[in-house]
Amino acid sequence: MIRERFRAMGTDVEFVLDADPSRRVRSVVAGARREIERGETIMSRFDPVSELSRLNQSRRLDRPSPELFVVVGLAMRGRVLTAGRFDPFVGAAVASAGYAPPLADAPPDGGIIPAAAPIPPTTVSVDADGLSLHGRGQLDLGGIAKGFLAEVAADVLSRAGSCLVNAGGDIAVRGIPRAGTRWTVSVPVPGGELTVTLPGTAVATSGQDLRTWRRGGRRMHHIVDPVTGAPARTDITRITVFGPTAVDAETWATALFLAGSAEEAAAEADGRTIGAVIVNTDGRVLVSQSVAGLRPATEFAA
């Protein structure tokens, strides 16, 4: 296995490629990495000159890159599919809550935050020349862009062999390794890990246990509830979703995190036949019936 690790999109990215080293393989790996890095320059809200930042600032962007067209379309599709729980227009609310890099350098407590408000109704229109935003919402494509770019990189790597791309928990795979076994992933749970044979080709995780900081004495995280405009209050610590693409998995990981509770998220995952592993704040692990390789129970004792 060939492994490549680097930082991009504010997270750790890893390529795993089942191929023998060669000049051609190195070229393919370099090409996949360029796709990730190029996508970051287009869709990062932390880069003031990215296409996304310029669209948010001016509310109109002429001749955007094809990738921005595609990801904006996927984000709007996700909002419809999840009845608004996945909302790409939470950018201003996330920033207001204090989510700005580098979190590692943030003071222990950043002080009082502004009062939260529901995400304002916002739409996007597309014409032959560009994109326009209508409303006061700010686009944040962070999660769905990671999923999209994981898929793009996997497509490139697959030219050289079976592969796995992990972009900060958004995972896309292609093919079956030469050993003949399907790709598996380890999902952290209290007291250990669950090893899951991928039922599809992608995985995504959302949670309130990693990207956290404090404001006004309150612990904050980056998943905003569009109804309140504030970081969601839920008994879900972390949810891992399996899907046909990393974009689908990312969309539903966010939507199920906002389902209200771990029990409600598990019930909805079962109702929609979505594979999910949910860890709640009490340390319980709920497993939906669609997860391959695990018993079809609503609760798993780690």
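No value in this document is a laboratory result; all are computed from the given coordinates. All of these numbers come straight from a predicted model, not from anything done at the bench. Cβ atoms come from the backbone with ideal geometry, glycine included; neighbour counts cover every protein chain shown.
Here the relative contact order of segment 14-80, from alpha carbon pairs under 8 Å that lie six or more residues apart, stands at 17 percent.
Under the classification rounded if a/c is under 1.5, otherwise prolate if a/b is larger than b/c and oblate if not, where does segment 207-273 fall, given a ≥ b ≥ c as square roots of the Cα gyration tensor eigenvalues? Prolate, because a/c is 1.5 or more and a/b exceeds b/c. Of all the options A179, A150, A267, the one that moves most in a Gaussian network model of the chain with Cα springs shorter than 10 angstrom is A179. Shown here: segment 124-204, whose C-alpha atoms stretch 50, 37, 17 Å along the first, second and third principal axes, sorted largest to smallest. Note on the chain: dipole from Cβ charges, positive end direction compared against I2, A259, V152; the farthest Cα belongs to I2.
Let me know the Kirkwood hydrodynamic radius for the chain, please, with Cα pairs as the basis and the value in Å to one decimal.
Details: mean 1/r = 0.0503 Å⁻¹.
Kirkwood hydrodynamic radius for the chain: 19.9 Å.
Could you calculate the FRET efficiency of I176 with R24 from 1/(1 + (r/R0)^6), where r is the beta carbon distance between them and R0 is 25 Å, rounded to 0.05?
Details: r = 21 Å, r/R0 = 0.84.
My answer for the efficiency is 0.75.
Projecting the Cα positions of A179, T245, P121 onto the charge dipole of the chain (unit charges on Cβ atoms of Lys, Arg, Asp and Glu, taken about the Cα centre) puts A179 furthest along the positive direction. Count Lys and Arg as plus one, Asp and Glu as minus one, and take only other residues whose Cβ is under 14 Å from that of A255; the net charge is then -2. Computed extension length for L81-R54: 7.0 nm, one decimal, from 0.36 nm per residue of separation with the Cα-Cα distance subtracted.
By the scheme Lys and Arg +1, Asp and Glu -1, what is the net charge of all other residues having a beta-carbon under 13 Å from that of A97? Its environment carries a net charge of +4.
The distance separating the Cα centre of segment 36-72 from that of segment 155-208 comes to 28 Å.
Note on S132 and R218: the extension gain reaches 27.4 nm, defined as 0.36 nm multiplied by sequence separation minus the Cα-Cα distance. Structural descriptor for segment 120-181: relative contact order 22 percent, calculated from alpha carbon pairs under 8 angstrom and at least 6 residues apart.
Note: relative contact order over the chain, using C-alpha pairs below 8 Å and six or more positions apart, is 17 percent.
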